Amino acid sequence: MFKIIFSDIDGTLLNAERDLSEYTIKTIKKLNNSNIPFILISSRMPAAMRHLQKKMDIEHLPLISYNGGLIIADGKTTSSTEIPLEILEDLHDYNLDHDVHLSLFHNDEWYVPRDDFWTRREINNTKVQPEFHENKVVIQKWKEEEKGAHKIMAMGEEEKIDSIFSFLKNKYPEQLHLYRSKPTYIEIAPKAISKLTAVNHLLENHFKIPLSQSMAFGDNYNDIEMLRGVGMGIAVGNAKPEVLEVAHMVTAPGKEDGVAKSISDLLKI
C-alpha cells in the first residue's frame, strides 16, 4: 500500500490555465483525510509553490524546491545545496559578452537584472514578484551573506544559450546539472542533488516510510530518476518519450487531471 505521494507541478499537476482544477483540489483534500501526505516537488522556488499548497490544504506538509536543492519541513530548512559563488561569478563574467537574462534564486529570494520579456514570462508562470538588481550587485550581497544560488535560470536567444550551455558543461561537468527545458532556457542546479535524493531525504528523516511505499508523478527529464526509484512512478500522458519509457504506469495528461485520476483509481478515494 502506498503511504506517501510526490508530485511535480509544471506539466504534471496543473490545468491549461496553469492552475489547480477543482477536481484535483478535491482529490488532494480527500488524501488529507486518509492521512497520505501529498508532497510538491518542483524546480520552482518555495513562494511559487505555497499558494498551491494553500488551495489543497497541505501547507503543514514539507515541500521540495529547486529539484531537491532546498527541502523545507515544519517551516524550517532541513536540507540546502547551493551553487558556489565562484561559479556564479565565472558565469557572470562570461555572460558580459552574451547578455542573456540570468535570474538568480536563493530560497525565496528571486533577483532579475531587468524588466524584460523573460521576467514577465516567469512572473506569469509562477505568480511571484522578483526583485530588480544587476547580477553583480546580487553576487556582492550574497558574498557578504555567505550564500550561493539554489538555482540560476539563463534565458535568451538560442545561439547565446547554446554558448553558455557549452561553457558551463565543459568547465563544470562535475559540479553543475544543466537542464534545458526549452532551447531558450537553461536551468542550472548543483549536480549533487536530484528529485530522488530529496525524496530519500524526506522519507528517511521526516516520514520514516520506505521508498517502496511511495508514489510519484512527473512529466520531464528531471523526473526520470524519481519515477524510476519510487515504488510506483507514474508519468502523465504528455510526458517526454524518455519519461514514458521508465514510468511504471502512464495516466491521462496533466491538463486532464491525470494525477488526480490516478490517485482516485489506485487508492480508491
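Since every read-out is calculated from the coordinates, none of them should be taken as a lab result. As the structure is a prediction and not an experimental result, all values here were calculated from the model. All Cβ positions, even for glycine, are placed from backbone atoms using ideal geometry, and neighbour counts span all protein chains on display.
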Next item on the list: Normalise the Debye intensity by I(0) for segment 85-190, one equal point scatterer per Cα, no solvent, then take log10 at q = 0.12, 0.13, 0.21, 0.23 Å⁻¹ and round to two decimals.
Entry: -0.36, -0.42, -1.20, -1.46
Margin query: Taking amide H atoms as placed 1.01 Å from N in the peptide plane, list the residues 5 or more away in sequence, or in a different chain, whose amide H sits under 5 Å from that of residue 78.
Written below: 71, 72, 73
Check: How many percent of the alpha carbon pairs in segment 1-86 exceed a separation of 22 Å?
Finding: 26
Checklist line | Contour minus Cα-Cα distance for residue 117 and residue 51 (0.36 nm per residue) | finding: 21.4 nm
Item checked: Cβ-defined net charge surrounding residue 96, 13 Å radius [Lys, Arg +1; Asp, Glu -1] -> -4
Note to self: For segment 177-256, what are Rg and Dmax over the alpha carbons, in angstrom?
What the structure shows: 13.3, 40
Note to self: As I understand it, the value is the acute angle between the Cα axis of helix 258-267 and the longest principal axis of the Cα atoms of the chain; what does it come to in degrees, rounded to 10?
What the structure shows: 40
Next item on the list: Taking the Cα centre of segment 85-190 as origin, work out the dipole magnitude from +1 charges on Lys and Arg Cβ and -1 charges on Asp and Glu Cβ, in debye rounded to 20.
Entry: 360
Checklist line | Contour minus Cα-Cα distance for residue 228 and residue 268 (0.36 nm per residue) | finding: 12.0 nm
Checklist line | 11 Å cut-off, amide nitrogen to a point 7 angstrom out along residue 90 Cα→Cβ, residues in segment 176-207 | finding: 176
Notebook entry, point to check: In what order do 52, 178 fall by count of nearby beta-carbon atoms within 10 Å, going from fewest to most?
Noted result: 178, 52
Next item on the list: Compute the long axis of helix 22-33 from its Cα atoms, compare it with the longest principal axis of the Cα atoms of the chain, and write down the angle in degrees, 0 to 90, nearest 10.
Entry: 70
Checklist line | segment 219-235 residues near the modelled residue 245 label - backbone nitrogen below 18 Å, point 7 Å along Cα→Cβ | finding: 219-229, 233-235
Next item on the list: Using Cα centres only, tell me the gap between segment 153-185 and segment 212-269 in whole Å.
Entry: 27
